[in-house]
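The values are calculated or read from the model by the stated rules, or taken from the named source; none is laboratory data. Remember, it's a predicted structure, so these values are computed and weren't measured experimentally. Cβ coordinates were reconstructed from backbone atoms using ideal geometry, including for glycine residues, and neighbour counts include every protein chain displayed. Areas reflect the complete protein model, heavy atoms only, side chains present, ligands, DNA and RNA absent. Shrake-Rupley method; radii C 1.70, N 1.55, O 1.52, S 1.80 Å.
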Amino acid sequence: MVAENYRIVEEKVCQACERSGRSRSEVTLIAVSKTKPVQMIQEAMKAGANIFGENKVQELCEKYEALPEELHWHMIGHLQRNKVKYVVDKAEYIHSVDSLRLAEEISKEALKRNIQAKILIEVNVAGEESKFGVSMEDTEDLIRAIAGLPNICIEGLMTIAPYVENPEENRPIFRSLKKLAVDIKMKNIDNVHMGVLSMGMTGDYEVAIEEGATMVRVGTGIFGERNYEK
Ligand SMILES: *Cc1c(COP(=O)(O)O)cnc(C)c1O
């Protein structure tokens, strides 16, 4: 079932790219495997998945150890500073940086290991109170502050759009994030690239691709509903 789901999502990603005149190679499909067992990840691998997203440090580390080295891991969830040291050398991207203090910790740990940490700035585009992320207004200032830190590269922006019934409702959100990225790119800030736009989840990834997403994060659409009770 998981392999089949992955193929269906892959097909829809291709179609959304075609519709918007984009090349499939511009969009990275991240299979969000949080709460799901290793066996299901192996199922997805059979269909070609090799990039996985997790939102908990411990879970990411466990799966990282249990699975082949050639997989790529993305930390997509809120990250506490005291846990940065566990993921900085395992996660290829950290999608959820929304404060200078967190970025300073990532920089410090990356420096210790002599690696470059790739991060995205999480923007709370819709201004939802329940969500993490920096406001649109404060994004540029935060980026300017982080850009000066060693061993950290700002690769782009990420957002978690609101939950909606009709994905079209999120089109303006994706458009706003794209516009913000373009505006910031034009400022030519040293050490800041705006090549990555991580936006779109199971309910709205096709719309996100039409609006310029370069990374989509799909969980339920690949692995099925999550059960948090256990
Ligand atoms: C869980 C999660 C996703 C995947 O959500 P689905 O709706 O299951 O596709 C994407 N991004 C983040 C940050 C998440 O925490």
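Things to note:
- Computed magnitude of the charge dipole of the chain (debye, nearest 20; Cβ of K, R +1, Cβ of D, E -1): 480
- The residues of the chain present an accessible area of 49 Å² per residue when probed at 1.4 Å with all protein chains retained.
- Whole-number D in µm² s⁻¹ for the stretch 113-161, Kirkwood Cα-pair radius fed into Stokes-Einstein, 20 °C, 1.002 mPa s: 185
- Cα extents for the stretch 138-230 along the principal axes, largest to smallest and rounded to whole angstrom: 42, 32, 20.
- Where a label projected 7 Å from the Cα of Gln58 along Cα→Cβ would reach, residues of the stretch 193-230 with amide N under 19 Å: 227-230
- When a 1.4 Å probe is rolled over the protein heavy atoms, the share of accessible surface on the chain that falls to carbon and sulfur comes to 48 percent.
- DSSP loop GluC sites (Glu not before Pro) with at most 14 other Cβ within 10 Å: longest gap in the chain: 1-68
- Per-residue ellipticity at 222 nm computed for the chain from its helices equals -12000 deg cm²/dmol, with DSSP H segments shorter than 4 residues left out and the rest contributing -39,500 (n - 2.57).
- Shape analysis of the stretch 129-183 based on the Cα gyration tensor places the equivalent ellipsoid semi-axes at 25, 12, 10 Å, largest first.
- Mean separation of Cα pairs under 8 Å and 6 or more residues apart, divided by the residue count, gives the stretch 143-230 a relative contact order of 29 percent.
- Contact order, relative form, for the chain: 21 percent (alpha carbon pairs under 8 Å, 6 or more residues apart, mean separation divided by residue count).
- Selection from Ile94, Gln39, Asn55, by position along the positive dipole direction of the stretch 1-160 (Cβ): Gln39
- Principal axis box of the chain, alpha-carbon based, largest edge first, Å: 46, 38, 34
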